[in-house]
Structures are given as structure tokens and as C-alpha cells.
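Working notes, structure below.
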Amino acid sequence: MSANKKLLMLPGDGIGPEVMNQVKRVIDWMDKTRHVSFDIAEDLVGGCAYDAHGTSLTDNTLADAMAVDAVLLGAVGGPKWDNVERDRRPEAGLLKLRKEMDLFANLRPATVFPALAEASSLKTELVSGLDILIVRELTGGVYFGAPRGIEDLGNGQKRAVDTQVYTTSEIDRVCRAAFDLARKRQSRVTSVEKANVMETGVLWREVATQTHADGYGDIILNHMYADNCAMQLVRDPKQFDVIVTDNLFGDVLSDCAAMLTGSLGMLPSASLGAADESGRRKAMYEPVHGTAPDIAGQDKANPLAMILSYAMCLRYSFDMIEDADMVEKAVETVLDCGLRTGDIMQPGMTLVSCQAMGEAVTAEMDKLAG
Ligand code: NAD
């Protein structure tokens with residue numbers, strides 16, 4: 001294996017460094033056992049970068065992120081930085097990274113491991129075997145649209161404005177990503193918007209339909225309003241294969257799908273950009289959860305979402321399908337054996353620390369490789 005796979009690790013704040021340490025353990029294992037080596041650099045982002053440099057993302061870190069094959073990010077933020085000015089806050093650094101790297105497609109799988117089906121807030125039979133992929137548009141829409149702001153009307157009133165805005169090409173490229181991914185799954189895509197009440201929804205539906213007609217005849221496309229999709233996700237989630245939607249609806253619906261799986265601590269994500277001439281896509285992999293300030297520094301965090309994010313990195317950035325499958329299988333087996341961090345603890349299971357969970361995953365990989 002070549003040694004020139006370049007990874008940038010940005011552990012971030014709170015439990016970020018703790019869960020990233022367990023990914024390092026898996027990477028060390030792969031280096032020693034499979035002779036897969038990465039060029040790994042590590043840097044600061046978020047609150048820790050603000051403390052060190054007065055900004056949550058330095059230009060150097062951004063340049064490094066643009067140059068590597070993939071970025072692995074923990075999580076950013078926490079109460080310590082709640083009063084920092086908006087454009088220097090931890091979240092601003094993360095948003096800037098996503099925007100500058102042009103990571104327009106956010107992939108959030110919601111998969112229910114058999115051992116955890118009972119942890120879902122829904123009935124076991126509704127979620128057992130669930131395997132949905134939500135593709136959320138990540139760089140456009142209402143989180144970035146202009147004008148935005150709060151103006152003082154001078155009469156004791158204020159007026160706040162956000163702008164939801166999408167262009168044809170922004171919708172087209174994320175729909176293409178969803179159709180391409182669906183081809184490797186069950187070939188079904190549900191495009192979600194609110195064409196009944198929003199102009200962006202009307203355009204979204206029109207472009208999704210056109211893009212589908214342009215070479216994706218093998219994919220079944222249907223359209224659904226976002227409010228109905230929220231209802232369907234908790235009524236009958238297994239009806240979905242791939243859901244593609246805008247930034248705002250994707251934010252809400254993917255958190256809703258997250259809870260079907262039982263815990264935030266289990267959910268990985270990938271954010272991909274457009275492919276360059278060599279086929280390489282800028283990419284960032286991160287767990288869906290935040291910095292969990294309530295348990296940070298206590299070795300209680302569930303590292304599996306971070307480890308599964310690394311598995312997605314192997315799959316999507318390095319095409320190392322066998323290795324990705326092995327990491328995921330090791331996670332599944334560890335859960336089958338009854339090991340649980342606090343967030344997914346169930347009666348009769350064995351409570352383990354963040355480190356012990358990481359050790360169990362590599363021990364399982366030993367067995368799978370042996
Ligand atoms: P959170 O995801 O950090 O925590 C929500 C709850 O889930 C907490 O009780 C926490 O203990 C638990 N939890 C989360 N991940 C866990 C894990 N891996 N193992 C065990 N338990 C876990 O969300 P929050 O409390 O709303 O936000 C806390 C901070 O994180 C805020 O500053 C927020 O802005 C930030 N945040 C960052 C990101 C990101 O970096 N992508 C995402 C969400 C929130």
C-alpha cells in the first residue's frame with residue numbers, strides 16, 4: 001500500500017479528542033497489521049483554536065484541509081465559548097471549513113445495528129435492520145443565503161431576516177450525488193422539499209426531476225414534502241433508501257432519523273465535494289454528535305460514531321471497501337458481545353469506558369484479520 005494517503009485530524013473540543021484517540025488506535029492497528037499507512041497531520045479547530053490563535057480556524061489549517069485527501073473532525077464548541085463574537089465562535093470555523101472545501105453533499109447513514117434495535121424510541125420491528133442514507137445539501141440554502149440579519153426598527157421592534165436560496169447547479173450536483181450513491185444501495189431516492197409553499201421547493205422538484213431524467217432511469221425517484229417526510233420517518237422508516245434534501249430540512253430530518261437508531265454516539269457522517277479531474281473529492285468525516293460537555297474528560301464518550309466515520313473515510317476517500325467493512329463488522333460484533341458505553345447502556349450489558357470500547361474494536365479486528 002502506498003504511504004501517501006494524506007489525512008488531517010482535527011479533534012476539536014470536549015469529547016472530540018477522546019473519541020479521536022480511539023480512531024488513532026484503529027489507524028495504528030491498520031498500520032501494524034495491514035501495513036496501511038497514512039501521512040497524518042493534526043491541528044486545532046473550534047474553541048481550542050480560538051484559545052490558541054483568537055480564531056476558530058486559522059488560514060494555515062484551512063490550507064492544510066484543502067490539500068489533504070480527507071479530514072477527520074471530532075466536534076467543536078462548548079459553553080466556554082458561548083459569549084465569543086459570532087464570527088469567531090467554534091461553529092464559525094466548522095461552517096467555514098465546509099464552505100471553503102465546498103463540501104456540498106453531507107451523507108448521514110441511519111443504520112440500526114441488530115444489538116441496538118431495542119434502544120430505539122420506536123418499536124423494534126419498525127427499526128430492526130433499518131438502513132437509510134440521508135444526503136443533505138450542505139453549502140447553500142438558508143444558513144448561507146443573503147440578505148440575513150437583525151435590524152432595529154426603532155420603535156421597540158426588531159426585524160430578523162434569513163434567505164433561503166438555491167440555484168439549478170447546486171440542486172443538480174447534490175441530486176447526482178444521491179442518485180450515484182443509490183446505485184450502490186437499493187436504487188431508490190426520495191427527494192424532499194416543500195414545493196407546495198416555497199419557491200426553492202418548486203425549483204428543487206423541477207431540477208431533481210430533470211437530473212433524474214438525465215441518465216438515472218435505473219433509479220426510482222419520488223418526491224415528498226418535508227413535513228410528510230418527518231411523519232413517515234417515525235411511522236415507517238424502512239420505506240426509505242436514500243433521501244436527498246436541502247440544508248435546513250436535512251438538518252432536522254437527519255437528527256430525527258438519528259434518534260431512530262438509539263443514540264447520537266453511534267452516528268457517523270461524511271461530507272463530500274465535487275470530484276476533480278483525477279476523481280479525487282475533498283472530503284471531511286465527522287460524527288453527528290457534538291462535544292458533549294456534560295461527559296467531556298471523563299472517558300465516558302462513545303467512540304463508535306467517530307470510528308464509523310473513519311470507516312466511511314476508508315470507503316469513500318480511499319476506496320478501501322474491505323477495510324471499511326472490517327471496521328464496521330468489528331463494531332457490530334463488539335455490540336453483539338454486550339459491550340456498551342453509557343449512552344447506549346441496556347440492562348444486562350457491560351458498561352465500558354471510551355478507551356475500553358476502542359480497545360475492544362481493535363481486539364475484534366485482530367480476530368477478524370486472524
Ligand atoms: P451533543 O451532541 O454534544 O450532546 C447531546 C447529548 O448527547 C449529551 O447528553 C451528550 O452527553 C450525549 N452525547 C453526544 N455524543 C455522545 C457520545 N459520543 N457518547 C456519549 N454521549 C454522547 O449536543 P449538545 O449538547 O446540543 O451540544 C454541545 C456542544 O456541542 C455545543 O457547543 C454545540 O454547539 C456543539 N455541537 C457541535 C457539533 C459539531 O461539532 N459538529 C454538532 C452538534 C453540537
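The values are calculated or read from the model by the stated rules, or taken from the named source; none is laboratory data. Given the structure is predicted, the values throughout are model-derived calculations rather than measurements. Don't worry about glycine lacking a Cβ; one is built from the backbone with ideal geometry, like all the others, and counts go over all protein chains shown.
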The correct count of residues that are farther than 26 Å from Trp81 by Cα and either near the ligand (Cβ under 6 Å from one of its atoms) or in contact (Cβ under 8 Å) with a residue 24 or more places away in the chain (or both) in region 277-308 is 7
Which is outside any loop (DSSP other than H, G, I, E, B), modelled with pLDDT under 95 and within 26 Å of Glu364 (Cα to Cα), of Met20, Met30, Met9, Met1?
Met30
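Table: residues versus (1) β-branched (Val, Ile, Thr); (2) at pLDDT below 95; (3) under 19 Å from Val142 (Cα atoms).
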residue	(1), (2), (3)
Glu199	no, no, yes
Trp204	no, no, yes
Val207	yes, no, yes
Asn222	no, no, no
Phe240	no, no, no
Val244	yes, no, yes
When you check Val71 against the structure, is it buried (at least 20 other Cβ atoms within 10 Å of the Cβ) and assigned to a helix (DSSP H, G or I), yes or no?
no
Of the residues in region 43-70, those that are within 25 Å of Asp82 (Cα to Cα) and of a type in the set (D, E, K, R) come to Asp43, Asp51, Asp59
For region 209-265, which residues satisfy the criterion of being farther than 18 Å from Leu181 by Cβ and hydroxyl-bearing (Ser, Thr, Tyr)?
Thr209, Tyr225, Thr261, Ser263
In contact (Cβ under 8 Å) with a residue 12 or more places away in the chain and either of a type in the set (Phe, Trp, Tyr) or within 14 Å of the ligand (Cβ to nearest atom) (or both): is that true of Met326 in this structure?
no
Listing of helices (runs of 4 or more DSSP H) fully contained in region 293-370 that carry 1 or more residues being modelled with pLDDT of 95 or more, in the same structural domain as Arg281 (by TED's automatic domain parsing) and surrounded by fewer than 20 Cβ atoms within 10 Å (Cβ to Cβ)
321-336, 354-369
Any residue at all in region 117-125 that is within 15 Å of the ligand (Cβ to nearest atom) and surrounded by fewer than 17 Cβ atoms within 10 Å (Cβ to Cβ)?
yes
Could you list, in sequence order, all residues of region 67-85 that are under 20 Å from Gly14 (Cβ atoms), over 21 Å from the mean Cα position of the chain (by Cα) and more than 10 Å from the ligand (Cβ to nearest atom)?
Asn83, Val84
